[in-house]
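Notes follow once the structure below has been shown.
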Amino acid sequence: MSGAIEGIEGVRAVVWDFDGVLNRAGRPDKAGIFPWQAKVAAELGIDAAAMAQAVFGRDKAALFTGKDDVLDRIADWAEGAGVDLDPEDVLEIWFEADHDPDTELDRLLGLLAEAGIVQVILTNNEARRARWIAQDAGWAERVDAIFASGETGVMKPAAEAFVAVETALDMAPHEILLIDDTPRNVEAAEKRGWLGWDYQAGGAMALVQALMPLLLKAQE
């Protein structure tokens, strides 16, 4: 996406999606295997694709809203498959392998902070990975707050996810900009009165240009 964002001058907060935006999401190969699954398979000697299907192939919403624990699902799969493993080993490999911050957007975070813009992350992630992102990966130190569905109990594009951010920031919808790589999330935010930016992989330069009115605030 490129071009100007109407109303950008009035934005006080930027809300970032995580996977696919701040974090470059790994893409599956021709067989549908994600990089983290390949690494889990190589290091633990298990059928990681079968495990992933068992863990994520059913009622994903229960995982991503904190109703189910991902460790329990991995343990259940291992028991049913007769595999001897520590579910926490799977998470450690997965989280590390799936963490690839976009360096250009990381620099943009710093520029926006210098301009006095509040920045938060709004992500659909299960609770254990959300805590890893915040604490182990250090994102809690880079942004003002992290709203993860596994902890809040609501997922984008539900209106409640956006309301929670508005309430926490004590800002009006038109003062908030969502940057997300999922069009339906952007559409839902705009329906509430937020500004939205449909981010596309490699689109850091176009985003910088669109955010220039905010970045110039640091020079005022």
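Suppose we look only past 16 Å in the calculated P(r) of segment 1-78. What percent of the Cα-Cα pairs does that tail hold? Of all Cα-Cα distances in segment 1-78, 68 percent exceed 16 Å.
Once the Cα atoms are used to define both axes, helix 87-97 deviates from the longest principal axis of the chain by about 40 degrees. Based on C-alpha pairs under 8 angstrom that are at least 6 apart in sequence, segment 5-146 has a relative contact order of 34 percent. A 1.4 Å probe over all protein chains sorts Arg184, Arg131, Arg58 by accessible area into Arg184, Arg58, Arg131, starting with the largest.
If R0 is taken as 35 Å, the Cβ-Cβ distance between Ile33 and Arg107 corresponds to a FRET efficiency of 0.65.
Accessible area ranking (1.4 Å probe, heavy atoms, ligands and nucleic acids excluded), largest first, for Thr65, Thr167: Thr167, Thr65.
Between the residues Ala61, Met51, Ala41, the greatest Cα displacement towards the positive end of the dipole of segment 1-160, with unit charges on the Cβ of Lys, Arg, Asp and Glu, is found for Ala61.
Protein heavy-atom surface of the chain, 1.4 angstrom probe: 47% of the accessible area is carbon and sulfur, with nucleic acids and ligands not counted. Sequence-distant contacts, meaning Cα pairs under 8 Å at least 6 residues apart, place the relative contact order of segment 68-217 at 18 percent. What would the Debye formula give as log10 I(q)/I(0) at q = 0.24, 0.27 Å⁻¹ for the alpha-carbon point model of segment 147-220, no solvent? Scattering profile of segment 147-220, log10 relative to I(0): -1.13, -1.23. For segment 89-220, the spread of Cα positions along the three principal axes, ordered from largest to smallest, is 49, 30, 25 Å. Taken over segment 129-173, the alpha-carbon convex hull comes to 74 cubic angstrom per residue. Among the GluC sites (Glu not before Pro) in segment 2-72, those located in a DSSP loop and surrounded by at most 16 other Cβ atoms within 10 Å of their own Cβ are Glu6. Semi-axes of the equivalent ellipsoid of segment 70-109 are 33, 8, 6 Å, computed as sqrt(5λ) over the eigenvalues of the C-alpha gyration tensor in descending order.
Simple rule: put +1 on each Lys or Arg Cβ and -1 on each Asp or Glu Cβ in the chain, find the dipole, and look at Ile5, Val83, Ile133; the Cα lying farthest toward the positive end is Ile5. The heavy atoms of Thr152 offer some 70 square angstrom of accessible surface to a 1.4 angstrom probe. Computed over protein heavy atoms with a 1.4 Å probe, the accessible surface of segment 23-135 works out to 51 Å² per residue. Estimated from helices alone, the mean residue ellipticity of the chain at 222 nm is -12000 deg cm²/dmol (sum of -39500 (n - 2.57) over DSSP H runs with n ≥ 4, per residue). Find the centroid of the Cα atoms in segment 111-127 and in segment 189-214, then give the distance between the two in whole Å. About 13 Å separates the Cα centre of segment 111-127 from the one of segment 189-214. Helix 103-114 versus the longest principal axis of the chain: what is the Cα-based angle in degrees, 0 to 90, to the nearest 10? The two axes meet at around 40 degrees. Scaling the Cα radius of gyration of segment 54-145 by the globular reference 2.2 N^0.38 Å produces a ratio of 1.33. Averaging the Cα positions of each part gives two centres, and for segment 1-52 and segment 57-92 these lie 20 Å apart.
The values are calculated or read from the model by the stated rules, or taken from the named source; none is laboratory data. Keep in mind the model is a prediction, meaning the values are calculated, not measured. Backbone-built Cβ (ideal geometry, glycine too); neighbour counts: all protein chains shown. All accessible areas refer to the heavy atoms of the entire protein, side chains included, with ligands and DNA or RNA removed. Shrake-Rupley method; radii C 1.70, N 1.55, O 1.52, S 1.80 Å.
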